[in-house]
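Novice: Structure below; questions to follow.
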Amino acid sequence: MERNSSDDEEDHQHLIPQNDTRNRHREDPLSSTVTTGGTPRSAFQIEDILSRRKISLNKRYILAAVSLTISIGLVFLITDPPRLFSANFSSFKVDPMSSRVKESQLRALYLLRQQQLAILSLWNGTLVNPSPNHQSANANGSSVLFEDVKSAVSKQISLNKEIQEVLLAPHRTGNYSGNESESDSGDYSYNRCRKVDQNLSDRKTIEWNPRSDKFLFAICLSGQMSNHLICLEKHMFFAALLDRVLVIPSSKFDYQYDRVIDIDRINTCLGRNVVVSFDQFKEKAKKNRPRIDRFICYFSSPQLCYVDEEHIKKLKSLGISIDGKLDSPWSEDIKKPSKKTMEEVKRSFKSDDDVIAIGDVFYADMEQDLVMQPGGPINHNCKTLIEPSKLILLTAQRFIQTFLGKNFIALHFRRHGFLKFCNAKKPSCFYPIPQAAECIARIVERSNGAVIYLSTDAAESETSLLQSLVVVNGKIVPFVKRPPRNSAEKWDALLYRHGIEDDSQVDAMLDKTICAMSSVFIGASGSTFTEDILRLRKDWGTSSMCDEYLCRGEEPNFIAEDE
């Protein structure tokens, strides 16, 4: 596009200042003369004028240079040159010692500020009596506030030592000995979230020496997989008391246990055959067709054994015949289970029949001091009898090495279907997200965990909000969940290699295993998923002094009305 001539003129006006009072110059392209104010002047005359000006300027520069030389000479004559230059350049030298001292002082001031804030927080927390909602208790019921104070004081002693080191660092020389006074030589380290001492030397157990021709058929029907695993562990206790081999149920009647636990390992732990799979049981009973001689129910109400006609049909479809009717040796309500002793169980369930079935013992309350011991009530050579299969165990370790590292917190955040369940309890165990975030942040601050592994069935809307609100020391603590399958990641390769990658029960057991290996675990009160994790932690020796249920001792700050 061509520009208008007026635009060119305007540009020139901006680039070349114009003044109406000054004589304007114009050049004749056909002549070598320049006219100024109408008077022609030769180009040679202009060159002559410029030449004279250059000479004049050169004289001035020479004169200035001579004067400067004379001045410098006079300064040298009337002063001491070494002293003069020494004084001038000394101010330009950078003192490395001074720089290091200033840097150390600034670092020390920052650390002192952090220490002041921490001590003020400790001071305010200990002077004000904690409310019952914010006071935790240990297994003996006593307050653990003292543990928090001791841990906080330990951190401040360590921080004080760090400040001293920072201030002393610039002054140390190569032969610095670093001797400390006797009062400073003690070990003040204190881990608030240290591992729980299991007192294994005080463990009391019973022997499991079953007769090879007597069997106990495990019936576990209430709840999901976590309930069934707890039920199965109790069945082992019953089998040991009754001197029977335990029959693991078929996957057509119950869960496919061999995908999540190693059944043969149980026999290895005891050094004898104490459990058999359903297929092994059928093989042994070929001569005498597979049957259940007596079906005994632990609970008599509200329903015998949790077994209905549908379950009976499933058993019969497996080729199992059931002789006799379901019965119970006592009157026992599943909603109000009474405490039973080993002697009562032996007396009530003793039978000469070859195969008996007992169901469902999940809610059975029997010999809790024995049952809740690390490793359970039965004498064996392993840490625990029921634990994740080797494939799941290795996969969990690989995931931790890839994403979490050694120091991580695990959180079981149960939400789906938990609102109604919790609100039926007194007090409720379903917490608003902001309140839950405060509870989590307190534990993170206490344990110094780097990340949180999140095991949850919550919606993304809930977990995203929770993630944004868990803030410690001004930083959001990152949540980690198991990512979708990615062929570039190899931590889960074992599951794919063995074709069990898409099994929901395998996924659940993998979550449990990761949580059980954490430094600190936060569980969901009332969840058997959490209870099974706590069992594994207890048996594996990974339980921490900081393990607790989410917002333990607190009530939700808002509870919806009943329907």
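The values are calculated or read from the model by the stated rules, or taken from the named source; none is laboratory data. Since this is a predicted model, take the numbers as computed values, not measurements. Counting neighbours? That spans all protein chains shown, and the Cβs are built from the backbone with ideal geometry, glycine included. Calculation scope for accessible area: heavy atoms of the full protein, side chains included, ligands and nucleic acids excluded. Shrake-Rupley method; radii C 1.70, N 1.55, O 1.52, S 1.80 Å.
Novice: Just the residues that are at pLDDT 90 or above and crowded, with 20+ Cβ neighbours inside 10 Å, please, taken from the stretch 344-362.
Specialist: Within the stretch 344-362, Val345, Val355, Ile356, Ala357, Ile358, Val361, Phe362 meet the criteria.
Novice: Another question about this same structure. I'd like the full set of residues that are surrounded by 22 or more Cβ atoms within 10 Å (Cβ to Cβ), charged (D, E, K, R) and touching a residue at least 60 places away in the same chain (Cβ under 8 Å), limited to the stretch 512-544.
Specialist: The answer is Lys512, Asp532, Arg535.
Novice: While we're looking at this one, here's another question. Tell me, which residue of the stretch 339-377 that is of a type in the set (Val, Ile, Thr) and out of contact with any Cys (no Cβ under 9 Å at 6 or more places or on another chain) is farthest from Lys325 (Cα to Cα)? First the steps, then the outcome.
Specialist: Narrowing the stretch 339-377 to residues of a type in the set (Val, Ile, Thr): 341, 345, 355-356, 358, 361, 371.
Narrowing the set further to residues that are out of contact with any Cys (no Cβ under 9 Å at 6 or more places or on another chain) leaves 341, 345, 355-356, 371.
On the way: Thr341: 26, Val345: 20, Val355: 14, Ile356: 12, Val371: 30 Å.
Top of the filtered list is Val371.
Novice: Okay, moving on. Just to check your reading of the model, which residue among Asp492, Asp502, Asp457 is surrounded by 17 or more Cβ atoms within 10 Å (Cβ to Cβ) and acidic (Asp, Glu)?
Specialist: Values: Asp502 fails: surrounded by 17 or more Cβ atoms within 10 Å (Cβ to Cβ); Asp457 fails: surrounded by 17 or more Cβ atoms within 10 Å (Cβ to Cβ).
On inspection, the qualifying residue turns out to be Asp492.
Novice: Also: Taking the stretch 254-303 only, how many residues are assigned to a helix (DSSP H, G or I), exposed (fewer than 13 other Cβ atoms within 10 Å of the Cβ) and not acidic (Asp, Glu)?
Specialist: Residues in the stretch 254-303 being assigned to a helix (DSSP H, G or I), exposed (fewer than 13 other Cβ atoms within 10 Å of the Cβ) and not acidic (Asp, Glu): 1 in total.
Novice: Only residues that are open to solvent by 40 Å² or more (accessible area, probe 1.4 Å) and out of contact with any strand residue (DSSP E or B) (no Cβ under 8 Å at 6 or more places or on another chain): list them for the stretch 546-563, please.
Specialist: Let us first name the residues in the stretch 546-563 that are open to solvent by 40 Å² or more (accessible area, probe 1.4 Å), namely 549, 552-553, 555, 557-563.
Answer for the stretch 546-563, where residues must be open to solvent by 40 Å² or more (accessible area, probe 1.4 Å) and out of contact with any strand residue (DSSP E or B) (no Cβ under 8 Å at 6 or more places or on another chain): Arg552, Glu555, Asn557, Phe558, Ile559, Ala560, Glu561, Asp562, Glu563.
Novice: Limited to the stretch 281-308, what total is found for residues that are under 30 Å from Asp507 (Cβ atoms) and modelled with pLDDT under 90? Can you show your working first?
Specialist: Here is the first cut: in the stretch 281-308, the residues under 30 Å from Asp507 (Cβ atoms) are 281-282, 305-308.
Applying the additional criterion that residues be modelled with pLDDT under 90 yields 282, 305-308.
Residues flagged as under 30 Å from Asp507 (Cβ atoms) and modelled with pLDDT under 90 within the stretch 281-308 amount to 5.
Novice: Here's a follow-up. Examine the stretch 226-249 for a residue that is open to solvent by 40 Å² or more (accessible area, probe 1.4 Å), hydroxyl-bearing (Ser, Thr, Tyr) and out of contact with any Pro (no Cβ under 7 Å at 6 or more places or on another chain), and state whether such a residue exists.
Specialist: Among the residues of the stretch 226-249, not one is open to solvent by 40 Å² or more (accessible area, probe 1.4 Å), hydroxyl-bearing (Ser, Thr, Tyr) and out of contact with any Pro (no Cβ under 7 Å at 6 or more places or on another chain), which makes the answer no.
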